[in-house]
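These notes concern the structure reproduced below.
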Amino acid sequence: MSSEVKAAEDHPVETYIERPRTLAALREEIASGRTKATELAAGYYDRIAKINPRLNVYLSLTKERALAQAARVDDAVAKGDPLAPLAGIPVGIKDVLVMTGAPATAGSKILEGYRPPYDATVVTRLEAAGAVLLGKLNCDEFAMGSSTENSAYGPVRNPVDTERVPGGSSGGSAAAVAANMAVTTLGSDTGGSIRQPASFCGVVGVLPTYGRVSRYGLIAFASSLDRVGPFAGNVRDAATMLGAIAGYDPKDATSSPAPVPDYAAESDKPVEGLRIGVPAEYFADGLDPEVRAAIEKGIASLEKAGCTVKPVSLPHTKYAVPTYYLIATAEASANLARFDGVRYGYRSPNPANLSDMYSHSRDEGFGAEVKRRILLGTYALSAGYYDAYYLKAQQVRRLLAEEYLRAFAEVDAIVTPTAPTPAFKIGEKTGDPLAMYLADIYTVTASLAGICGVTVPCGKTQAGLPVGMQVLAAHLNEGTAFRVARAVEAAEL
Amino acid sequence: MTAKVTVEEVERVAELAHLELTQDETGRMLTDLNAILDYVAELNELDTHGVAPLAQVSELGDAASAGTVREDRMLPSIDRAVVMDQAPETDQVFFKVPKVIER
């Protein structure tokens, strides 16, 4: 099985792992004046200069903007002004989120050279919270992929073992935290693109409830599935990051008006008495035995912390994969229609006519996987097939969502492995079709239902590869997910 | 037995998506599109009679915000000059493209 990692490699593993400091520790240093925000940022740029050529985590840096922000923080400290919650904290931004005047490639050649004229809402909110935005992070093209090997700008190397993928599509976002090239980062998740790379890189990743975080300024892949969420080196910091970006945004019509709780404080609460559901469907054939063992240890630690663990049944789980493929590709085909060479991005030179300009610009600008998904989606939406394919998938989606709602009436959180295997090697793409299928099931079901989750490091394989546990909670119950994730983290597996 | 996708359908889909496919790509897409039919067959195992499609998950959440619209008021958009700066070809007012209408 390709996921087996032989204990004795005949050459040493190249690794760049470094745990970032906690937000609390950094805040204390900055507030006291012992560390200047400008020096902290400069230090991060030094590290990036050293190791980015090898890891390919950042596609571009926003130095001027970052250092100006850091200087403002230092000013505030000098004056004794109150400090914003993320004052001076170096943060990386996935290249599907826009920052005015900075490159936004979405990992694609079709947007090479494009400079957005506006900021994503999450960018605005992070800067309002004092964060220092270091640069744009590499990702699979248009967020389509699970390894960052689909980036038109080269793959990202997993800092745990540079011969392995960091996962995807937010591979750069996960790797940046794992290698301390940022303290926290933002990524996006449509079918698992935050959770799976966080699991592969051994960091915390958050899938907020659909609508919890504004999508304004997120280059769209599948609009009913896309979410923006944070990565961090620990659960409490991930909770703090979510608190900084969550909340109603009038610029996003799907944005939830629900109030934003203090997620960090929620994560501090003990888990005694919580009911944890374990679905048998996620522990089937194809699950790497070392991953299974690590997750079972995690579940045992929750029991020790006073949780009640019970089996739950999610019998429609297997229908999640076809449902996801129909919905995600259909919505992607619509969202990527705007890339036509007319208003921005790549335009093919010397087109014979308008039609040629469209097709050549798209042919030359898009990578193979993107083209494939556009075609699949176009087919699913085309006349004569819309009802039987897309609409049918949306109906099954309701059945899947209702199944989760019923489960959450019985339990407070559901835990599963985040991925059925640890990180595979670059170019390998795990040859086991069963494992690939299970990989999809683990993450797309929650995506379709709109619920939230946190992936937290839960031990390692014999070869030292990180394993992640996915903690899922009902809509807008991120607090519960953070609490449970904290308990697993505290077990230090 | 489910109907098979034809080469004509693949070419038609490519046309709709404004993508041109090589022979190789057409062959691969044929396989991929036929796989979709298998997905659909799986979904057809489920009785969804009377089940409302779920296009917006927001309607399931605690705060049912589906269908909220803002006041119909004109608000500033983006500066034209800034936008045209990104245009592949422009006269600073319009985006210029190859001729659409043949005389």
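Assess whether residue A:379 counts as being assigned to a helix (DSSP H, G or I), without any contact (Cβ under 8 Å) to a residue 12 or more places away in the chain, closer than 28 Å to residue B:24 by Cα and at the interface with chain B (Cβ under 8 Å from one of its Cβ atoms). Taking the combined requirement at face value, the residue satisfies it. Residues that are within 18 Å of the chain's Cα centre (by Cα) and aliphatic (A, V, I, L, M) within the range A:449-475 comprise A:449, A:451, A:454, A:456, A:467, A:469, A:471, A:472, A:473, listed in sequence order. Can you find even one residue in the range A:293-315 that is within 29 Å of residue B:48 (Cβ to Cβ), within 12 Å of chain B (Cβ to nearest Cβ) and not in a loop (DSSP other than H, G, I, E, B)? Within the range A:293-315, one or more residues are within 29 Å of residue B:48 (Cβ to Cβ), within 12 Å of chain B (Cβ to nearest Cβ) and not in a loop (DSSP other than H, G, I, E, B). In the range A:244-255, the residue that is farthest from residue A:184 (Cα to Cα) out of those that are within 20 Å of the chain's Cα centre (by Cα) and assigned to a loop (DSSP other than H, G, I, E, B) is A:254. Is it the case that residue A:405 is surrounded by 24 or more Cβ atoms within 10 Å (Cβ to Cβ) and either of a type in the set (Val, Ile, Thr) or under 28 Å from residue A:256 (Cβ atoms) (or both)? No.
If the condition is being more than 7 Å from every other protein chain (Cβ to nearest Cβ), aliphatic (A, V, I, L, M) and part of a helix (DSSP H, G or I), then the range A:352-376 contributes A:368, A:370.
Return the pairs, sorted by first residue and then second, in which the second residue is of a type in the set (S, T, N, Q), the first residue lies in the range A:62-87 and is under 20 Å from residue A:123 (Cβ atoms), the beta carbons are less than 9 Å apart, and the residues are 6+ apart or on different chains. So the pair list comes out as A:65/A:100; A:67/A:38; A:70/A:38; A:71/A:38; A:73/A:38; A:85/A:240; A:86/A:184; A:86/A:240. Considering only residues in the range B:19-56 that are of a type in the set (Val, Ile, Thr) and at pLDDT 85 or above, the one that is surrounded by the most Cβ atoms within 10 Å (Cβ to Cβ) turns out to be B:48. As a summary of the residue check, residue A:467 satisfies the conditions (1) touching an Asp or Glu at 6+ places or on another chain (Cβ under 9 Å); (2) part of a loop (DSSP other than H, G, I, E, B) except for the one numbered (2). Looking across the range A:319-351, the residues that are of a type in the set (Phe, Trp, Tyr) and either outside any helix (DSSP H, G or I) or out of contact with any Phe, Trp or Tyr (no Cβ under 8 Å at 6 or more places or on another chain) (or both) come down to A:319, A:324, A:339, A:344, A:346. For the range A:405-426, the criterion of being at the interface with chain B (Cβ under 9 Å from one of its Cβ atoms) and of a type in the set (Asp, Glu) is met by no residue.
Working only within the range A:330-374, note down all residues that are polar (S, T, N, Q) and crowded, with 16+ Cβ neighbours inside 10 Å. If the condition is that a residue be polar (S, T, N, Q) and crowded, with 16+ Cβ neighbours inside 10 Å, then A:333, A:335, A:348, A:359, A:361 are the ones that fit.
The values are calculated or read from the model by the stated rules, or taken from the named source; none is laboratory data. If you're wondering where the values come from, they're calculated on a predicted model, not measured in any experiment. As a convention, Cβ positions derive from the backbone with ideal geometry for all residues, glycine included, and neighbour counts pool all protein chains shown.
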